[in-house]
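Shown next, in C-alpha cells, is the structure this report addresses.
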Amino acid sequence: MTLLEVDHLSFHYPGREVLHEISLVLESGKFYGLLGSNGSGKTTLLDLMIGNLRPTNGGVFLHGKPLPSYPRRKLAREMALIPQEFRAGFDFSVFEVVLMGRHPYIPRFGAPDEDDLTIVQEAMEAIGVAELADRPVTALSGGEKQRVIAARALAQNTPLLIMDEATANLDVLHTRQIFNVVKKRVKKESMTVIAAIHNLNQAAAFCDEIFLLKGGKIFARGLAEDILVPEKIFDVFGVRCRTGWNEFSGSHQVSLQWKMS
Amino acid sequence: MSGNQSVMKRGVPWLFFLFLTASLVGLVVVSSGMGYLAISPSQVVDIIVAGFSGQDVAGLPDTFGYVVWDVRLPRILTAAFVGGGLAVAGVLFQAILLNPLADPYTLGVSSGAAFGACLGLLVNLSFLGSCSVPLLAFSGAVTTLFVVLWLASVDGRLGTNTLILSGVIVAAILSAGIGFIKHLADEQVGVIIFWLMGSFASKTWLDVAMTAAAGCFALAVALFYGRDLNIMALGHRTSESLGVDTSRTRKILLVCGTLVTATCVAVSGIIGFIGLITPHLMRFILGPDNRSLAPASFLAGAILLLIADTITRAVLPSEVPIGVLTALIGGPFFCYIFRKKQQEQG
C-alpha cells in the first residue's frame, strides 16, 4: 500500500538547484535507503518529505493527500524524524526529551496518560537509554544524545520514520541496536522507514530498496544487489570496490578500495 | 532522581507557587508599612481592604490611608508587576533564542524602549494621550530587537555570544543616543535620567493597571505556549517534526516579550538583569520546564524587584536609582553565568 509519494519534485535555493524532478513511492512496511555523496540533496529531500521545506515544483502526497493539507500536529502523528544533529538548549532530563515524542498526542493543557508513559518507557528500553532517564541531556555524550533522540522519535509512534544519518555519531554496537529495533518495527508493525545512510554495507544489510542520488537526481533505484555494484558506486562516489553476497553478515556487502594508489 | 525533574514527571509545583504567592502578599503588606511614616501590618491590611471595598478606615488618621493607598501601594504594586513582567520576558527571550544570557536588558530591548520614549518626549509626541509613551517605547524596542537579531545572525544562525555582544553594542549606541537627547532637551533632563536609571517614585494606579495588564498578558501567553517552548529547545528541525510551528511561535513570543518590556520601561525606566537572574534561579530550583518556570519567575521577579525597591525606598538613607541597584547585583551574576557557560562550552 502506498504511504507517501514524491511527484516530480524540484527544489532550489536562490541561484542553486538542489533537487531536480524527483519521483518516488514509499510503500507501507518497507525499509528504504537514501544514498549519495555529500551535497547530493539527501537531507533536503528528507526535509521536503516531512514538510520542513516547501518544494519549488512538484509535490509530496501522504495517503494520497498533499502534505500542506495536513495540520502540523496531525502530520506529526504520521511521520517522525531522527535528525543528524541534536542539541538541547536547556537541561531537560532524558525522560522529558523522550516524552516530548508524545507531544502530538497530548492536548495543549493535558498531561501524559498511562499509555504515553508506557510507550516512552518501551522506547527508552528498546534503544537502551532507560538507565539514563533522569540524566540531563546536556550532560550526555554525542552518541548518547543521538540514542535519546532516536528513542524520542520511536515514542512518536508514527507509520513513517525518517532517519537523517541517524547513527552518524554512534559506535557499531549502538548503530546495530538502533537499526535492528527499527527493522523489527518495519516487519512487525508495518512501519515505513526512509534513512539517509553513508555506510553502504549498513544500507545493504537493512534496506529493502535503495535510492541512489547524484547531483540532485535519482541516479538509480532498486534492490541492494542491483544498486550497490562497482560501476554505480564508482559513478556516484568515485571509489572502486568489489561487491557480493557475504555469508557472515548475511547480506550483500561492499569492499571498498580504501588505499589510494 | 536529579534536581532537574520537572512538572512532566513530578506534577505542577503548587506548594512552591503557594509559598511564592504568600511571600509576595506578605512582602506587599510589610513594605507598605515601611518608610518615613511607619504603619503596622494590621493597619496596612485594614487600609487595603477598605481601599478595595471603597470604605473609610475607622480609627486611623487620614494621612495613613493617603500614604498607603495613594502613595506607597501604587509604587509597590508597580514594582511587583514590572519585576514579574521583566522576568517573564526573560523566560521568553531565553527559551526562544536558546540562550541563557538573553534578557530584555542584555538584548538591548530595554534601551530601545527607553530611546523610543525619550525621542517622543523630545519632539513632544502625545498623539495618543497616556498610551503615547508606551507605544513609542514599543516601537523603539521592536526596532532594536530586529537590529540586534540582524546584527547577530550569520547564515541564519544566532551564536550565543554574538547575540549578547550585538545587544550590548546596540544598547551602548542607544544609551549614547539618550545622552544626546538629554543634551538637546535641557528642560526635561530629570525625566530622561529617570529612563536611564529607572525609578518607581510617584507611580499611580494607572501605572499599576498598565504593568499588571502587560505582565499578566505575557504570563498567559507564556503558559499557552509553554510546551511548544520546551520542544523548541530541541532545535528547529526536531520541533517542526513534532508539530510545532516554530517560526510563528517565535514571532508571537518575541512580540509578546518586547511588548511587556516596553510597557515596563515606559513606566519605570531601564531596570536591568531582573529578567536574567530570576529565570536562572527558578530553573535551578524547578528545572527547565517553561510551564512552571514562567509563573514561578513572574512571582519571584515581583518579589525580587519589590525587595530591591523597598531597600532603596525605605532602608537606605537616601534613594538609590533602582536600575543602578539591580545592575550592581545583576552585573556580577551575569559574569558568573557567562563564565560558567564558557567553561561548559570549552
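The values are calculated or read from the model by the stated rules, or taken from the named source; none is laboratory data. Bear in mind the structure is a predicted one, so any value in this text is a computation, not a measurement. Neighbour counts are summed over all protein chains in view; Cβ atoms, including those assigned to glycine, are modelled from backbone coordinates with ideal geometry.
Observations on the model:
- Single unsatisfied condition, B:Gly287 versus (1) at positive phi; (2) within 13 Å of the chain's Cα centre (by Cα); (3) of a type outside the set (A, V, I, L, M): (2)
- Check on A:Leu34, part of a helix (DSSP H, G or I) and touching a strand residue (DSSP E or B) at 6+ places or on another chain (Cβ under 8 Å): no
- Of the criteria (1) modelled with pLDDT under 90; (2) more than 30 Å from B:Asp228 (Cβ to Cβ), which one B:Thr310 fails: (1)
- B:Leu242 meets the conditions (1) in contact (Cβ under 8 Å) with a residue 24 or more places away in the chain; (2) within 30 Å of A:Ala155 (Cα to Cα) in every case but one. The failed one is (1).
- Residue check, A:Ala153 facing another protein chain (nearest Cβ under 10 Å) and free of Cβ contacts under 8 Å to residues at least 40 places away in the same chain: no
- Odd one out for B:Ser139, checked against (1) modelled with pLDDT of 90 or more; (2) farther than 23 Å from B:Ile169 by Cα: (2)
- Count of residues meeting criterion [under 17 Å from A:Gln202 (Cβ atoms) and touching a Phe, Trp or Tyr at 6+ places or on another chain (Cβ under 7 Å)] in the range A:233-250: 1
- Annotation note: of B:Ala266, B:Ala327, the sole residue that is in a helix (DSSP H, G or I), crowded, with 24+ Cβ neighbours inside 10 Å and at pLDDT below 95 is B:Ala266.
- Condition broken by A:Ala123, with the remaining ones in (1) within 23 Å of A:Thr192 (Cα to Cα); (2) facing another protein chain (nearest Cβ under 8 Å); (3) surrounded by 24 or more Cβ atoms within 10 Å (Cβ to Cβ) satisfied: (2)
- Filter result for the condition that a residue is in contact with a strand residue (DSSP E or B) (Cβ under 8 Å, 6 or more places away or on another chain) and of a type outside the set (Lys, Arg), over A:Ser93, A:Ser69: A:Ser93
- Test: residue in the range A:162-170 that is assigned to a loop (DSSP other than H, G, I, E, B), away from chain B (no Cβ under 13 Å) and under 19 Å from A:Val186 (Cα atoms): yes
- Per-region count, the range A:154-177, residues modelled with pLDDT of 95 or more and buried (at least 23 other Cβ atoms within 10 Å of the Cβ): 6
- Scoring B:Val25 on the criteria (1) in the same structural domain as B:Ser297 (by TED's automatic domain parsing); (2) assigned to a helix (DSSP H, G or I) leaves a single failure, condition (1).
- Checked against the criteria, B:Val57 counts as outside any helix (DSSP H, G or I), more than 26 Å from B:Leu316 (Cβ to Cβ) and not basic (Lys, Arg).
- All helices (runs of 4 or more DSSP H) inside the range B:151-242 with 1 or more residues being among the hydrophobic types (A, V, I, L, M, F, W, C) and more than 12 Å from every other protein chain (Cβ to nearest Cβ): B:160-184, B:189-197, B:205-224
- Qualifying residue in the range A:69-79 (condition: within 13 Å of chain B (Cβ to nearest Cβ), within 19 Å of B:Gly226 (Cα to Cα), crowded, with 23+ Cβ neighbours inside 10 Å and touching a residue at least 24 places away in the same chain (Cβ under 8 Å)): yes
- If the condition is being of a type in the set (A, V, I, L, M, F, W, C) and more than 22 Å from A:Lys145 (Cβ to Cβ), then the range B:225-260 contributes B:Ile252, B:Leu253, B:Leu254, B:Val255, B:Cys256, B:Leu259, B:Val260.
- Looking across the range A:98-120, the residues that are among the aliphatic types (A, V, I, L, M) and facing chain B (nearest Cβ under 7 Å) come down to A:Leu99, A:Met100.
- Residue in the range A:126-153 that is surrounded by the most Cβ atoms within 10 Å (Cβ to Cβ), counting only those that are under 27 Å from A:Leu75 (Cα atoms) and among the basic types (Lys, Arg): A:Arg152
- Listed by position, the helices (runs of 4 or more DSSP H) contained in the range A:40-132 that have at least 2 residues being in contact with a Gly (Cβ under 8 Å, 6 or more places away or on another chain) are A:72-76, A:114-127.
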